[in-house]
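One structure is given below, encoded as structure tokens.
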Amino acid sequence: MSTFSSMHSPSYSHSFICSSSINEKKNQRFVFSSFPRFSVPANAKVFLQCQANSHQNAVLMQDGAVATKVSPVEKETPIEKLKSELLSVTSSNERDEKAGFDINENESTVSITVVGASGDLAKKKIFPALFALYYEGCLPKHFTVYGYARSKMTDAELRNMVSKTLTCRIDKRENCGEKMEEFLKRCFYHSGQYDSEENFAQLDKKLKEHEGGKVSNRLFYLSIPPNIFIDAVKCASSSASSGNGWTRVIVEKPFGRDSDSSAALTKALKQYLTEDQIFRIDHYLGKELVENLSVLRFSNLIFEPLWSRQYIRNVQLIFSEDFGTEGRGGYFDHYGIIRDIMQNHLLQILALFAMETPVSLDAEDIRNEKVKVLRSMRPLQLEDVVIGQYKSHSKGGVTYPAYTDDKTVPKDSLTPTFAAAALFIDNARWDGVPFLMKAGKALHNKRAEIRVQFRHVPGNLYNRNFGTDLDQATNELVIRVQPDEAIYLKINNKVPGLGMRLDCSNLNLHYAARYSKEIPDAYERLLLDAIEGERRLFIRSDELDAAWSLFTPVLAELEEKKIMPEYYPYGSRGPVGAHYLAARYNVRWGDLGLDQSA
């Protein structure tokens with residue numbers, strides 16, 4: 001093995017920046033500080049052109065010797081300098097041939113393995129998201145998608161299963177069928193156990209065949225139950241990780257059931273992966289309106305000065321679904337609505353909403369600010385929580401089942417399907433402002449939104465026009481995450497006419513009307529970010545610890561004391577207790593108003 005070493009004159013700098021012409025790798029720089037030893041293969045001919053204060057050229061020969069040439073710059077004319085540079089040029093093909101490197105080493109490929117490929121999440125979300133990225137030209141030139149699960153399946157059977165869930169971004173777009181065929185040809189399947197290193201080693205062999213000697217980058221999406229995360233990660237890490245590129249693992253929630261189980265999961269994952277390799281996915285952070293939250297706040301002067309306790313009376317984070325568990329009761333009963341929605345989705349949105357201005361848009365700067373918010377919050381108290389569970393209800397001749405009618409749910413289950421909570425951030429910006437969360441299943445509609453209710457206008461001249469109900473005159477900013485994405489601001493306005501009649505109107509940004517382009521699914525954004533190594537929308541371990549510390553005490557108390565949930569009819573607005581909770585802090589839930597069609 002030849003080594004790179006050099007004698008040097010004290011009159012020159014000890015730091016060299018060398019540009020390499022190997023395989024024409026653009027922007028590649030080698031920095032040698034005080035001439036460290038640099039090893040190359042004995043049979044490789046490598047030409048490195050180095051500069052030290054623009055005076056010295058060094059050429060590394062095959063036998064490791066270094067020839068140096070010092071040219072007095074002041075005596076070299078521009079013509080002579082140009083001639084010298086032209087004579088020193090070696091064609092790229094000649095250099096590749098002399099270097100003896102495989103041209104494929106210049107290229108990279110991405111192998112995406114969906115672990116748990118036969119499950120609903122993979123079929124309904126992950127494979128369609130990957131196809132959408134391919135359809136839009138967002139995936140690398142060289143990529144392969146592998147499904148991995150215990151089910152016995154051929155490549156053709158996987159492709160047939162996947163094809164049933166694929167849709168084009170816009171209906172009737174040209175070449176949609178061709179794109180589907182091209183994508184499906186890149187989809188393959190390997191059957192194996194999640195705890196078998198041998199099965200993952202077989203997967204590794206198949207991946208290498210498709211990678212064809214290129215730089216191998218591998219992404220594993222764990223679409224499997226949390227109790228087998230560690231087995232899968234251990235086997236993938238030891239038997240199927242990349243040897244010359246990056247290896248990343250996307251972990252689907254839930255991340256434990258409480259602080260202890262979450263910490264144990266993180267500790268176990270870090271036995272086989274570094275923190276930079278772990279991508280904890282919360283798909284709500286990939287929603288278009290959640291992404292727009294920081295843009296709305298930090299790039300609009302009209303909002304940033306108002307974003308504090310001085311002008312904001314309360315903030316509401318509302319999540320509702322108009323259907324029940326529908327066969328998923330067994331999974332849901334183990335977690336409940338607080339763990340399933342509030343501790344992750346809504347709390348993540350709250351942290352993004354309430355954080356201070358980050359130093360930059362760098363992932364770590366943003367995540368640092370989110371952690372500060374979470375650590376400033378006081379742990380949730382039992383008296384600030386209302387839980388409920390939906391019961392059977394008949395409407396329009398149709399009988400809707402109760403939660404415990406689900407065959408996968410125990411008949412005596414106390415698991416909440418609804419929860420409302422009041423949280424507080426004890427810092428200078430938000431001291432005393434209630435952040436109210438509400439999440440539930442089998443409610444009257446489906447929506448997810450952030451509602452910011454501003455304070456009443458001091459000494460409002462038009463109070464008599466609104467009567468005693470000052471809430472009618474309250475400005476409110478609504479960010480509707482789903483469905484039918486929109487941002488609107490409720491303002492007071494005079495109704496045209498000779499009299500003085502006031503009206504509450506909406507300044508409305510309706511996305512479907514404003515933008516013709518269809519909004520990408522959240523999984524598309526997050527998968528693309530994981531491939532590109534962008535961690536801004538993924539959850540860091542200390543962020544996860546801070547989130548669990550808020551909810552773990554009250555979850556333990558609810559289970560230890562066996563608190564009975566308040567029952568509410570399927571399709572209603574939820575338990576009455578949620579309104580009493582809001583009233584305690586002089587708040588009225590914003591989604592009960594007349595702006596449902598806004």
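The values are calculated or read from the model by the stated rules, or taken from the named source; none is laboratory data. All values reported here derive from a predicted model rather than from experimental measurement. Methodologically, a virtual Cβ is constructed for each residue, glycine included, from the backbone with ideal geometry; neighbour enumeration extends over all protein chains shown. Quick note on the areas: whole protein, heavy atoms, side chains included, nothing else; ligands and nucleic acids left out. Shrake-Rupley method; radii C 1.70, N 1.55, O 1.52, S 1.80 Å.
Things worth noting here:
- Approximate spin-label separation residue 299-residue 511, in nm, with each point projected 7 Å along Cα-to-Cβ: 1.5 nm
- Cleavage-rule hits (GluC sites (Glu not before Pro)) in the stretch 528-598: DSSP loop, at most 16 neighbouring Cβ within 10 angstrom: 534
- Positive end of the dipole of the stretch 108-252 (Cβ unit charges, origin at the Cα centre): among 134, 232, 215, the Cα lying farthest that way belongs to 134.
- Just the protein heavy atoms count here, and of the accessible area of the stretch 534-598 at 1.4 Å, carbon and sulfur take up 55 percent.
- The peptide list 515-527, 414-426, 378-390, put in order of mean Cβ contacts within 10 Å with the highest first, becomes 414-426, 378-390, 515-527.
- Relative contact order for the stretch 108-252, counting Cα pairs under 8 Å that sit 6 or more residues apart, in percent: 32 percent
- Nonpolar atom fraction for the stretch 108-252, defined as the carbon and sulfur part of the 1.4 Å probe accessible area, stands at 45 percent.
- Accessible area in square angstrom per residue, the stretch 108-252, 1.4 angstrom probe: 44 Å²
- Residue-level accessible surface for residue 567, protein heavy atoms, 1.4 Å, Å²: 100 Å²
- Coordinate range along principal axes, alpha carbons of the stretch 108-252, Å, largest first: 44, 32, 25
- Accessible area of the stretch 265-418 belonging to carbon and sulfur atoms, whole % at 1.4 Å probe: 53 percent
- Annotation for residue 592 and residue 198: the two label points, set 7 Å from Cα along the Cα-Cβ direction, are 6.3 nm apart.
- The modelled label-to-label distance for the pair residue 427/residue 381, using points 7 Å beyond Cα in the direction of Cβ, is 2.2 nm.
- Residue-level accessible surface for residue 438, protein heavy atoms, 1.4 Å, Å²: 10 Å²
- Alpha-carbon centroids, the stretch 487-566 and the stretch 186-244: separation in whole Å: 35 Å
- Probe 1.4 Å, protein heavy atoms only - accessible area per residue of the stretch 271-425 in square angstrom: 40 Å²
- For the pair residue 534 and residue 274 in one chain, pulling the backbone fully straight at 0.36 nm per residue adds 92.1 nm over the alpha carbon distance.
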